Amino acid sequence: MKKDLKNYSKEHLLFLKKRKINLAIVWALRVGLLLFLLLFWELSTRLGWADPFLTSSPSRILNTIGALYQEGTLFYHIGVTLLETVAGFLVAVAAGCLIALAFWWSDLLRRVLEPYVVVLNALPKIALGPLIIIWFGTGSKAIVFMTIAVGLIVVIMHMLSAFLETDPNKILLLRSMGASKLQILRKLVIPSSLSAFISMLKVAVGMAWIGSIMGEYLVSRAGLGYLIVYGGQVFKLDLVMSATVILCVLAAAMYFLVVLLEKILVKNTDN
């Protein structure tokens, strides 16, 4: 790394230094804002500005998470929800990309089915709840299906838009050079849609968590959504807030994995 830095000009090195400083400032402000909000939340309950029974507090949340850990149920509930979310996310992304590719490949297929996709996207997925229960029962299959249903259409529309926005002049150039449709897809359409694919993954992560928790609201015997529903029913709001905080941490971790994937793909593309 030091050898590479010797090849840079002083201006470039100064730019890299400023970039690192700016990144450090951003992260410091992020962490500082989070700590400030947590401290204000805790103090507001201890000083009587807010009712801890209704709003909970960071200390009560930590105690509740600790109690779940001691009971041996914390990682069980996390594992159930995480498995359902990741399974639905992977299936939705894979199936959505394949369907979008099929729509790009066949203009007739796209023109026939695209209106139905738009209508399905506008349909409130919660309305499918009774049907999902009848079709898949009250287990994890129903929750995974709900996760897929919430994310699939978003993936299709996002990727189809990216495929159709491929530069037509470049497509025409490849055709003039005798490239087949498959070669155009492999050499141009898919590589040019890489940034859109990463953007889609970031959106799909959020949709996957929405779908899995929505499914657990309908049918679940375990999971973080189950804890939220149960806590609300018995007025254990500390349990509700604890499950919500864990959900935020898991969703953030999954999002940063996508960001890490983006950096890897960009690095490989540059090389």
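Please treat every number below as a calculation from the coordinates, not as lab data. Quick caveat, the model's predicted, so the values are computed rather than measured. Here Cβ is always computed from backbone atoms with ideal geometry, including for glycine, and neighbour counts include all displayed protein chains.
Some observations on this one:
- Modelled FRET efficiency - R0 30 Å, ILE126 with LEU35, Cβ distances, 0.05 increments: 0.25
- Ordering SER220, SER56 from the fewest to the most neighbouring beta carbons within 10 Å gives SER56, SER220.
- Given LYS187/LYS267; LYS10/LYS263; LYS202/LYS263; LYS20/LYS263; LYS20/LYS267; LYS170/LYS263, the pairs whose alpha carbons are separated by over 24 Å: LYS10/LYS263; LYS170/LYS263
- Helical content of the chain, expressed as a calculated mean residue ellipticity at 222 nm, amounts to -27500 deg cm²/dmol (DSSP H runs of 4 or more residues, -39,500 (n - 2.57) each, divided by residue number, nearest 500).
- GNM top mover of SER161, SER180, SER212 - the chain, alpha-carbon springs below 10 Å: SER180
- Signed unit charges on C-beta, dipole axis of the chain, positive-most listed residue ALA162, LEU23, ILE133: LEU23
- Dipole orientation for the chain: of the candidates VAL150, PRO52, VAL91, VAL91 has the Cα lying most toward the positive pole (charges on Cβ; Lys, Arg +1; Asp, Glu -1).
- Computing Rg and the Kirkwood Rh from the Cα coordinates of the range 1-150 gives a ratio, Rg/Rh, of 1.16.
- Listed by chain and number, the aspartates and glutamates whose C-alpha is less than 13 Å from the C-alpha of LYS141, apart from same-chain residues fewer than 8 away, are GLU84, GLU216.
- The peptide list 127-135, 21-29, put in order of mean Cβ contacts within 10 Å with the highest first, becomes 127-135, 21-29.
- The ranking of SER192, SER106, SER140 from fewest to most other beta carbons within 10 Å of each one's beta carbon is SER106, SER192, SER140.
- In this Cβ point-charge picture (+1 for Lys and Arg, -1 for Asp and Glu), the range 71-270 has a dipole of about 540 debye about its Cα centre.
- One chain, two ends: LEU47 and LYS187. Fully extended at 0.36 nm per residue, the span grows by 44.1 nm beyond their Cα-Cα distance.
- Top of LEU68, LEU108, LEU237 by mean-square fluctuation, Gaussian network on the chain, Cα under 10 Å: LEU108
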